[in-house]
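The values are calculated or read from the model by the stated rules, or taken from the named source; none is laboratory data. The model shown is predicted, which means the values in this text are computed figures rather than measured ones. Because the Cβ atoms are built from the backbone with ideal geometry, glycine has one as well, and the counts that use them run over all protein chains shown.
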Amino acid sequence: MTQRRRLVAGNWKMNGLRAARAEFDAMLSGAADIADCELMIAPSFLLVADFAAAAKGGKVAVGAQDCHAKASGAHTGDVSAEMLADAGASAIIVGHSERRTDHGETDETVKAKAEAAWRAGLTAIICVGETEGERDAGQALSVVERQIAGSVPEGATAANTVIAYEPVWAIGTGRTPTIADIKEIHDAMHAQLVARFGGEGEGMRLLYGGSVKPGNAAEIFAVENVDGGLVGGASLKAEDFLAIARA
């Protein structure tokens, strides 16, 4: 099996004022001794440029939480992937369940945003995952497979694409799937990507997201085909985020 480098990415969502720079600085300092995985924080758009400047040359990359599919134009309130690249971002999270639910984003929308990230030279972190109702109906695997098929564009490579599995019902609830559930989904995603993209699919990293915290990170990261995590609330504090990365 291709050795995939671990990645722990923090999604700050709609949190963090300028004063949060202190937590980010603590992450930069604390990450100095973490050598076996990559780290990334995706703050609000307003903090990307400041954080990216502070992180230059360090071990914590800076990403963004979303982008518009177009490079420019009459799209009031939106931010393009090119703008984020110019601000210093190295990756963009697209298709997060909160975007799919709150903003009605479809697989086709997510696919276009992933292509926009690539167009700007950035990595696309494409999110997929089922709702509680879908899991209870036995549809978890089929939902994730459909989202991957529709959201991941042709041309995806191990270098430009990361997939994040986030069961919607586990985000911010403190609940997590069983280890067996996580393994089942991650194995299925890996197989689907290999079948479609061959060697590039073999090298594509798969993150788990959904109530990842210091207390459960090691157990989750030990699962085959889990290559790291997409961390929400626990990434807001340097102590917790670094503890997860060390796991």
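Screening Thr176 on (1) crowded, with 18+ Cβ neighbours inside 10 Å; (2) more than 23 Å from Gly215 (Cβ to Cβ) shows it passes everything except condition (2).
Among residues of the stretch 190-203 that are among the aliphatic types (A, V, I, L, M), those with a beta-carbon under 6 Å from a residue that is in a helix (DSSP H, G or I) at least six positions away or on a different chain give the pairs Leu193/Gly201; Val194/Gly201; Val194/Glu202.
Among the residues making up the stretch 189-217, those that are small (Gly, Ala, Ser) and over 18 Å from the mean Cα position of the chain (by Cα) are Ala191, Ala195, Gly198, Gly199, Gly215. The numbered conditions (1) touching a helix residue (DSSP H, G or I) at 6+ places or on another chain (Cβ under 9 Å); (2) within 20 Å of Gln192 (Cα to Cα); (3) crowded, with 16+ Cβ neighbours inside 10 Å are all true for Val162 except (1).
The condition of being at pLDDT 95 or above, among the aliphatic types (A, V, I, L, M), surrounded by fewer than 21 Cβ atoms within 10 Å (Cβ to Cβ) and within 23 Å of Val144 (Cα to Cα) holds for only one of Ala74, Ala61, Ala54, Ala69, that being Ala69. Only residues that are of a type in the set (Gly, Ala, Ser) and in contact with a Phe, Trp or Tyr (Cβ under 7 Å, 6 or more places away or on another chain) were counted across the stretch 156-189, and they come to 1.
Any idea which residue in the stretch 63-80 is farthest from Gly10 (Cα to Cα), counting only those that are in contact with a strand residue (DSSP E or B) (Cβ under 6 Å, 6 or more places away or on another chain) and touching a residue at least 12 places away in the same chain (Cβ under 8 Å)? Per the stated criteria, the residue is Ala71. Screening Ile92 with (1) without any contact (Cβ under 8 Å) to a residue 24 or more places away in the chain; (2) closer than 30 Å to Asp25 by Cα gives one miss only, at (1).
Close contacts from the stretch 232-247, counting a first residue that is within 20 Å of Cys127 (Cβ to Cβ) and among the polar types (S, T, N, Q) and a second that is crowded, with 18+ Cβ neighbours inside 10 Å and modelled with pLDDT of 95 or more, with Cβ to Cβ under 6 Å and a gap of 6+ residues or different chains, come to Ser235/Gly10; Ser235/Phe241. Filtered by the rule that a residue be of a type in the set (A, V, I, L, M, F, W, C) and either more than 15 Å from the chain's Cα centre (by Cα) or surrounded by 23 or more Cβ atoms within 10 Å (Cβ to Cβ) (or both), the stretch 119-143 gives Ala120, Ala124, Ile125, Ile126, Cys127, Val128, Ala137, Ala140, Leu141, Val143. If you check Val194 against the conditions, is it more than 17 Å from Asn216 (Cα to Cα), out of contact with any Phe, Trp or Tyr (no Cβ under 9 Å at 6 or more places or on another chain) and crowded, with 16+ Cβ neighbours inside 10 Å? Against the criterion (more than 17 Å from Asn216 (Cα to Cα), out of contact with any Phe, Trp or Tyr (no Cβ under 9 Å at 6 or more places or on another chain) and crowded, with 16+ Cβ neighbours inside 10 Å), Val194 qualifies.
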